């Protein structure tokens, strides 16, 4: 509270808030989404190197490098989003982002008398050979200090698609969003967990006869509205780092027909240059590839 009484500190917080409201694009983004929003200069958080492991091999086909992750727990997201990380790229099929939301409570513009805050984590995951992208929203770590009016602080959560390529493509969106709750209502939910899904049918992409690719930007948004009698930015808008999803239906994919459901053909993923970690450890199945890259 002492620091918040300093005008310079409040100015700095205001500048950070305006940057967050503008939206950010991960440094590793590829495709048309790479030019949308403000490009980050700091690399995304990525998985730690794999621990050495023993592998019993009976032939050339006995081992293979682990397949990319298609799931992510909230604990895994929170672990990698600590510190200054703005986005965590576990694989092209499992990504999370988040934002720390803080409200400074003031009756007059020059005298803060309380604070409230929470963290919003958003995980995006895609099952194997699936066109539906699942977004899990989790509000956690609720805190209050001194005088607040959180029972009247309205929080709106929504998942938006500000841009897609080609623009004629139409997504099917479902789930709990948009939703508006007060700070106290959100805090009192047994699990402040909300879901959102986005799906584009095949046949809407560029070069639909071959690649049939749809690119998009998915932007989580938090909007806070102060109750009457309090001063400050209202509504205040916060935007975690954007997601850069894509949908493919090319015949070269492992799900070219969709089986009995043609609308399921192809798959979805995220347009990131995901980190692939190789080990030259003697017990690592990818040791030969790693050694070759190291020599090159």
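Remarks
- With respect to (1) touching a helix residue (DSSP H, G or I) at 6+ places or on another chain (Cβ under 9 Å); (2) more than 30 Å from residue 205 (Cβ to Cβ); (3) touching a residue at least 24 places away in the same chain (Cβ under 8 Å), the lone exception for residue 232 is condition (1).
- Checked across the stretch 121-137, the condition of being under 30 Å from residue 151 (Cβ atoms) and modelled with pLDDT under 95 holds for no residue.
- Residue in the stretch 102-110 that is within 12 Å of the chain's Cα centre (by Cα), crowded, with 20+ Cβ neighbours inside 10 Å, closer than 27 Å to residue 150 by Cα and in contact (Cβ under 8 Å) with a residue 12 or more places away in the chain present: no
- Test: residue in the stretch 13-34 that is touching a strand residue (DSSP E or B) at 6+ places or on another chain (Cβ under 7 Å), over 24 Å from residue 278 (Cβ atoms), modelled with pLDDT of 75 or more and part of a strand (DSSP E or B): yes
- Count of residues meeting criterion [at pLDDT below 80 and closer than 19 Å to residue 47 by Cα] in the stretch 251-286: 9
- So residue 62, is it at pLDDT below 95, part of a loop (DSSP other than H, G, I, E, B) and surrounded by fewer than 19 Cβ atoms within 10 Å (Cβ to Cβ): yes
- Among the residues making up the stretch 200-217, those that are free of Cβ contacts under 8 Å to residues at least 60 places away in the same chain, within 25 Å of the chain's Cα centre (by Cα) and assigned to a loop (DSSP other than H, G, I, E, B) are 204, 205, 212.
- Of all the listed residues (240, 220), the sole one being under 21 Å from residue 97 (Cβ atoms), assigned to a loop (DSSP other than H, G, I, E, B) and in contact with a strand residue (DSSP E or B) (Cβ under 7 Å, 6 or more places away or on another chain) is 240.
- Scanning the stretch 193-215 for residues that are farther than 27 Å from residue 31 by Cβ and crowded, with 16+ Cβ neighbours inside 10 Å yields one hit, 194.
The values are calculated or read from the model by the stated rules, or taken from the named source; none is laboratory data. This structure is a prediction, so every number in the text was calculated from the model and none was measured. Cβ atoms come from the backbone with ideal geometry, glycine included; neighbour counts cover every protein chain shown.
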